[in-house]
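Laboratory data are not the source of any read-out in this text; all were calculated from the coordinates shown. Every value quoted in this text rests on a predicted model; they were computed, and no experiment measured them. Note that we place each Cβ from the backbone using ideal geometry, even for glycine, and neighbour counts take in every protein chain shown.
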Amino acid sequence: MRFRGLIVLAAAVTVALVPAVVRAAAPQLLGTVGPGFDITLAQPDGTLVTQIDPGTYDITVRDLSTEHNFHITGPGVNQLTQVETTDTVTWTVALQDGRYTIFCDPHATSLRRTITVGTPPPPPPPKPLPKLLATVGPKATISLKSASGAVLKTVKAGVYSITVRDRSRLHNFHLVGKGVNRRSALVGMGTLTWKLQLSAGTLRFFSDKSPKTVKGSVKIT
Ligand SMILES: [Cu+2]
């Protein structure tokens, strides 16, 4: 009877252990920023992660620089270390289908990588740029209009696609503003497209042949 009791006890211990064994640890990832100018997310074997299955991961982050931090954002996730200190932390994160970004806040445009998780929806097509219509000629006329042909007094600052119609053999279209200095050929005609960043200030346009008379301007606000 005593022997049988031990078997029962052993069975009970086995049952009690099972949940602990079944509960597998989340897969590990390693995030690193610094000490140089680099930020990475890697598998434990060092393979860089660019695409990964959705799921819950333990990300051990080594922030090795006092000039950078490690920041991860994406669907349901926003975790970051401090810039001024080095640190090693572990975050448990649930990565969902979508795109995640790892970056350093002070260098958010240059020190960043995108991680694709699962099969995210395709990125939205880029928005077409707002258009402007720049025309010189025929004869001594020059204008900068909206795409629908409306005369403009002000234009919101931003990036524009400017269609330049040079319809004069004598005149050209010369556009000058903050950070902008573009011209069509003085001799000759044709249609060009300029992609330009228009910044706040006065945007002037004129013909280099007659800059005092064939001219105009709009305010960029
Ligand atoms: Cu940085």
Sort largest first and round to whole Å: the equivalent ellipsoid semi-axes of the stretch 18-140, each the square root of five times a Cα gyration tensor eigenvalue. 39, 21, 11
What number do you get for the stretch 107-169 when its Cα radius of gyration is normalised by 2.2 N^0.38 Å, N = residues? 1.82
Enumerate the residues in the stretch 147-166 having an amide nitrogen under 17 Å from the point lying 7 Å beyond the Cα of residue 219 toward its Cβ. 151-158
Considering the dipole of the stretch 81-204 built from charges on the beta carbon (Lys and Arg +1, Asp and Glu -1) around the Cα centre, which of 93, 199, 174 is farthest to its positive end? 174
Here P(r) for the stretch 137-216, Cα-Cα distances in 5 Å bins, as whole percents, is 3, 16, 27, 29, 18, 7, 1
What's the whole-number percent of alpha carbon pairs in the chain lying beyond 23 angstrom? 66
With a point put 7 Å past each Cα toward its Cβ, work out how far residue 109 is from residue 38 in nm, to one decimal. 2.4
Between residue 146 and residue 185, what is the FRET efficiency for a Förster distance of 22 Å, r being their Cβ-Cβ separation, to the nearest 0.05? 0.35
Suppose the chain between residue 157 and residue 204 were pulled fully straight at 0.36 nm per residue; how much longer would it get relative to their current alpha carbon spacing? 15.5 nm
Inter-site label distance for residue 92 and residue 48 at 7 Å from Cα along Cβ, in nm: 3.0
Once you wrap a convex hull around the alpha carbon atoms of the stretch 52-101, what is its projected area averaged over all directions, in nm²? 3.3
